């Protein structure tokens, strides 16, 4: 994407590169020239964890969770660099565009954050990214919008859980908001493309759980779009 970081040109920039953390170097809209080049060179591709959990949807990732992409995501989520939502949302839009035909409405459903995470990060980070992705898609000709029919509950630390227990914990941590479910079910959205969006996919349990909850509510999921994959396996057979 040309001039991906252009919307940040009028900001007072921090001293460190958002991508690699380098200090006292020339920055272009928050990132050093090398990191900007790396981010703009990313190309979304079909990917999947290995092995994928049951119910894991067809998924497009912008790139591996490494390098400048990892640095920018951490700066955005953990270091309060919320202005990065614009360029990261533009990258997410590219992943959505790889799934959604331009001639059909596209509905983006972000994976929600828990209440504690929203407090810590001054809001729902995926909602911000999804809103910026929708702006970019609309400018490029897609009839896109965001809905948030899911809410997140706290879940146990999954590091000590096996795959089955991790999947169960992920499903139990997500709930449908009954008041928000009528709009996505209505009219053109049901004939369009529903894409679940998240920032990072690791085991795939969260995306699979989100798909399960949405399909329990009679919402057919087409696929998932993520910024980064920790276990990237591109061009997955059978997708």
| Can you pull out the residues in region 6-50 that are over 23 Å from residue 96 (Cα atoms) and at pLDDT 80 or above? | 16, 17, 18, 20, 21, 22, 23, 31, 32, 33, 34
| note | Of the residues in region 101-133 that are in contact with a helix residue (DSSP H, G or I) (Cβ under 6 Å, 6 or more places away or on another chain) and part of a loop (DSSP other than H, G, I, E, B), the one that is modelled with the lowest pLDDT is 124
| message | Looking only at region 30-46, filter to residues that are in a loop (DSSP other than H, G, I, E, B) and under 25 Å from residue 198 (Cβ atoms); which one of those is farthest from the chain's Cα centre (by Cα)? | response | 30
| message | I need the full set of residues from region 91-100 which are buried (at least 23 other Cβ atoms within 10 Å of the Cβ), part of a helix (DSSP H, G or I) and either at pLDDT below 95 or touching a strand residue (DSSP E or B) at 6+ places or on another chain (Cβ under 7 Å) (or both), in order please. | response | 91, 92, 95, 96
| task | Hey, can you tell me all the residues within region 168-188 that are within 22 Å of residue 116 (Cβ to Cβ) and either in a helix (DSSP H, G or I) or at pLDDT 80 or above (or both)? | result | 168, 169, 170, 171, 172, 174, 175, 176, 177, 180
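The values are calculated or read from the model by the stated rules, or taken from the named source; none is laboratory data. The structure displayed is predicted, hence computed values, not measured ones. Virtual Cβ from ideal backbone geometry, glycine too; neighbours counted across all protein chains shown.
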